[in-house]
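Take a look at the structure below.
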Amino acid sequence: MITATLSELADSDRPNRKIDAFKTEVAYELVASWRQLDFALPTVLFPAVFYLFFGVFFGKGSGLATYLVATYGAFGVIGTGLLGFGIGIAVARESGELRLKRVTPAPPSALIGARLVTALWFSAVVLLELFVIAAALGDVRFERGQWLGLAGVLLAGTLPFGALGLAIGTHVSGKGAPAIVNLVYLPSAFLSGLWIPITMLPDFLQNLALFMPPFHLAQLALGVIGMDAGYPWQLHVGVLAGITVIASLIAMRGIRR
Amino acid sequence: MTTPTANEPLATPTKPPASKRLATVLGLGVFLLLTITVMLLPTPAHQVDATPDGFAIVGARVFDGERTWERADVLVTQNRIEAIAESLELPTHIETVDGAGKTLLPGLVDAHVHTWGTARADAARFGVTTLLDQFTAPEAVQAARADREAGGATDRADLFSAGVLATVDGGHGTQFGVPVDTLEGPDDAVDWVAARKAEGSDWIKIVVEPGWGRQLATLDPATVRAVIDAAHQQELLAVVHVSRLEDALAVVEMGADGLVHVWRDRVPDAAQVKMFRDAGIFVIPTLVVMEGMVDPAPSVALAAGSLGKRLSGTQRDGLARRFPESARVDWQVVVESVRLLAAAGVPILAGSDAPNPSTAMGLSLHRELALLTTAGLTPQAALAAATSVPATQFKVPHRGRIVAGAMADLVLVDGDPTTDISASHRLAKIWKAGHLVDSAPGKTEPLDTNVAAAPEETLLADFDIGLRSHFGYGWVPTTDQRMGGKSTVDLTEREGALHIAGEIRTGAMFPWAGAMVFPGDNPMSPVDFSSRKELSFRARGDGRQFSAMIFSGKAQGIPASQSFTPGDDWSTIVLPLESFGGANPGMLRGIAFSAVDPPGVFWLEIDDIEIK
């Protein structure tokens with residue numbers, strides 16, 4: 001990639017430069033996201049509000065409250081990944097921001113990396129809210145290792161969906177992005193059993209879930225708390241890794257366009 | 001370009017602006033906070049009775065759901081039954097429970113209940129570890145569903161349910177305050193069944209109930225047939241509530257899978273019995289709820305025995321409630337019908353219809369077992385009716401049997417219920433999913449127990465001094481809004497009497513609206529009226545039947561009530577305190593004068609209320 005070569009040249013006198021550029025990008029990306037309240041608020045609040053409604057009011061003290069911590073956690077991190085990347089990149093691309101950034105010394109990897117860290121940051125906020133509500137209001141109790149595992153699996157889950165968002169965001173217009181991203185996000189969340197347990201869906205929809213990316217993240221998270229559907233974890237990890245690779249390839253083609 | 005990231009020069013990172021420093025702090029702070037929170041989040045309290053390696057029940061007689069082993073060992077690992085054999089080689093360190101002189105049964109299944117509140121815990125205390133619910137709000141089903149799939153350690157019974165029932169607008173099932181999606185005709189059937197399935201219904205329940213004495217709207221035959229067909233197309237069972245033999249025969253012909261009550265009008269002839277047998281239909285007679293209509297004494301006696309200590313205050317109040325006089329069954333017809341069905345080989349399932357009046361969740365299934373034996377079932381067949389038969393008929397997996405791989409829902413009783421069914425009362429230990437169930441009822445909200453002495457005066461209120469009472473805290477309006485209902489009431493003093501006017505609206509399980517008076521200094525503080533004999537008052541009303549209710553005793557619960565129907569003109573009504581079944585005048589907390597069902601506007605005037 002030509003840009004990479006250029007920045008390598010620019011970096012030759014200061015080895016810290018790439019890291020500085022990355023840190024700067026992260027900081028401004030975060031500030032920019034906070035200022036975009038119409039993105040930040042729904043992303044941060046929806047999973048917690050849904051959980052309050054379905055998990056706490058309907059399921060307090062029951063298995064439902066427990067199950068939904070994992071699935072609304074997945075719902076939340078998938079949102080930050082898909083929306084942050086999908087809509088964010090599409091808008092940045094259309095506004096010319098991406099082109100402008102190309103002339104800065106920051107390499108493209110810093111741009112993508114900064115967005116990923118931002119998405120992770122939002123994921124962390126979502127999980128923080130969800131865990132506190134689940135424990136305090138939903139009477140949910142996990143072993144320490146399970147709480148840690150749930151946080152780890154879900155934070156890592158931001159990556160494949162960030163890649164997926166990136167693939168979409170690099171191919172659609174800024175105006176079209178919210179519609180298309182939500183078209184992918186909301187139905188697949190429902191069909192993956194993120195809102196209500198998958199066993200409550202009709203059989204043909206249950207079979208469909210295997211083809212939904214969120215299903216695989218949710219199953220990994222549910223596996224941590226022993227409430228998964230019993231598929232081997234390698235299947236879920238494989239699917240998510242596959243999604244990450246394929247989506248990244250598609251995204252790279254989009255970026256080169 | 002106006003995006004905040006684009007207009008800062010990246011090449012001069014010497015002095016970061018404030019916003020960047022803030023971003024760094026907040027950015028790192030959230031991850032740190034998440035880590036700290038995760039380290040502080042609560043973890044489960046570890047049960048001392050938890051036996052991760054399992055335990056074994058050794059040397060008990062075992063009824064496995066279908067047959068009796070005179071002696072067997074049963075090994076439980078976590079929540080499952082690992083093995084059953086006449087004799088097992090057990091690892092030396094494993095915890096054992098001595099079963100000598102005892103009988104081990106599968107956790108009991110009650111095939112006809114309605115769940116709300118603490119029903120699942122109430123049932124488990126009586127060894128009923130699986131509830132097949134024949135109508136409740138879908139939210140209750142959804143909350144319970146994850147529990148039964150997780151199969152974790154719990155003190156609560158598993159719940160399988162029909163969810164919302166199929167009936168017409170204004171028909172049986174719409175009077176309880178649970179919102180019911182009613183059907184208008186056969187064309188609604190497919191969508192209606194699909195909606196139940198989406199809500200989590202495990203099967204479909206249909207009401208065919210033209211009324212008991214009075215006329216009641218009910219589904220027409222074409223719609224019943226369409227719902228049964230739609231249920232079968234969508235791979236669900238269709239069970240039907242009937243109360244007349246002719247309706248039972250009609251729905252059997254339509255392909256129904258089961259009846260959730262036995263009819264109560266006449267005994268079938270041999271050809272009709274053969275029809276039921278040949279159709280492969282099953283029947284849940286619910287004898288105990290029908291017995292409650294003619295003679296609640298046996299259930300009351302059961303509560304006085306060893307099972308009584310497992311009852312909560314609310315359950316006791318439920319047992320003390322009575323059906324209205326209009327609810328009648330011909331007991332001989334009911335028992336004889338069940339006898340003929342059982343003799344012909346029609347599968348009979350034990351169900352209590354708790355928590356209807358004069359029943360209690362859990363307890364009433366033990367009475368049902370005894371009643372099934374009076375209807376000709378052997379004790380062993382009665383036990384099968386409460387274990388393997390409902391599991392098979394309702395396709396409930398891993399329950400109702402003691403076999404390797406089944407859920408470790410187990411009941412250990414003293415004696416031998418396979419020959420003497422009353423031994424089912426002598427509960428020694430109950431396990432739900434391998435977890436030992438606590439037999440003590442949960443604590444209800446504590447009430448003030450400092451009983452005040454009764455005042456000299458017998459006149460509580462005559463409304464010549466406004467709405468105040470002569471002693472005690474005085475009058476307040478009371479409605480079902482407390483329980484999520486929508487009924488309204490207004491209290492006014494009119495010509496020296498209390499004028500109570502309002503409207504009963506559907507919305508609560510038991511709608512009410514009226515006036516309540518507290519004889520103690522504070523609301524619900526108890527007063528000792530044990531030396532008094534009667535509640536007397538003058539009343540006139542709009543012709544509707546009203547209820548006088550007494551709130552009393554140590555715990556919160558459903559009040560004891562007596563109905564009265566005052567006419568247009570003032571008359572004096574005298575209700576002996578002992579006629580309020582279950583009331584404790586020695587701890588009288590409140591008296592209410594209320595309108596109850598049916599919905600509609602009402603008025604009632606009362607005056608000169610005396611406790612004498």
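Since every read-out is calculated from the coordinates, none of them should be taken as a lab result. As the structure is a prediction and not an experimental result, all values here were calculated from the model. Every residue, glycine as well, gets a Cβ built from its backbone with ideal geometry; the counts of neighbours run over all protein chains shown.
Relative contact order of chain B: 13 percent, from C-alpha pairs under 8 Å at least 6 residues apart in sequence. Across segment B:107-397, the relative contact order, built from alpha-carbon pairs under 8 Å that are at least six residues apart, equals 19 percent. Volume per residue for chain B equals 249 cubic angstrom (convex hull of Cα atoms). For the protein assembly as shown, the extents of the C-alpha atoms along the principal axes are 103, 76, 59 Å, listed from largest to smallest. Highest average first, the peptides B:28-40, B:585-597 ordered by how many other beta carbon atoms sit within 10 Å of their residues are B:585-597, B:28-40. Averaged over the residues of A:146-159, the number of partner chain Cβ atoms lying within 10 Å of the residue Cβ comes to 2. Residue pairs exceeding 24 angstrom between C-alpha atoms, taken from B:K205/B:K309; B:K102/B:K432; B:K533/B:K554: B:K205/B:K309. Between A:L111, A:L52, A:L208, the residue with the greatest mean-square fluctuation in the GNM of chain A (Cα pairs under 10 Å linked by springs) is A:L208. Apply the a/c threshold of 1.5 to the C-alpha gyration tensor of chain A and tell me whether it is rounded, prolate or oblate. Prolate. Of the peptides A:197-204, B:195-202, the ranking by mean beta-carbon count within 10 Å, highest at the top, reads B:195-202, A:197-204. Counts of other chain beta carbons within 10 angstrom of each beta carbon in peptide B:195-202 average 2. Among the trypsin sites (Lys or Arg not before Pro) in segment B:56-97, those located in a DSSP loop and surrounded by at most 14 other Cβ atoms within 10 Å of their own Cβ are B:R67. A Cβ-based charge dipole, computed about the Cα centre of segment A:58-210 with Lys and Arg at +1 and Asp and Glu at -1, lands at about 460 debye.
Mean sequence separation of contacting Cα pairs (under 8 Å, at least six apart), scaled by the length of segment A:16-256, corresponds to a relative contact order of 27 percent. Mind running the shape call on segment B:312-455? Use the C-alpha gyration tensor, a ≥ b ≥ c as the square roots of the eigenvalues: rounded below 1.5 for a/c, prolate if a/b tops b/c, oblate otherwise. Oblate is the answer for segment B:312-455, as a/c is 1.5 or above yet b/c matches or exceeds a/b. Averaged over the residues of peptide A:126-139, the number of Cβ atoms from other protein chains lying within 10 Å of each residue's Cβ is 2.
Look at the dipole of segment A:80-149 built from charges on Cβ: of A:V103, A:T80, A:W121, the Cα furthest out on the positive end belongs to A:V103. Evaluated with a Cβ-only charge set (Lys, Arg +1; Asp, Glu -1), the protein assembly as shown carries a dipole of roughly 3400 debye about its Cα centre, given to the nearest 20.
Computed packing ranks the peptides B:216-222, A:94-100 as B:216-222, A:94-100, most packed first, by mean other Cβ atoms within 10 Å. Classification of segment B:107-397 by its C-alpha gyration tensor yields a rounded form. The axis ratio a/c (a ≥ b ≥ c) stays under 1.5. Among B:V240, B:L363, B:A150, whose Cα projects farthest towards the positive end of the dipole of segment B:107-397, with charges put on the beta-carbon of Lys, Arg (+1) and Asp, Glu (-1)? Of the options given, the answer is B:L363.
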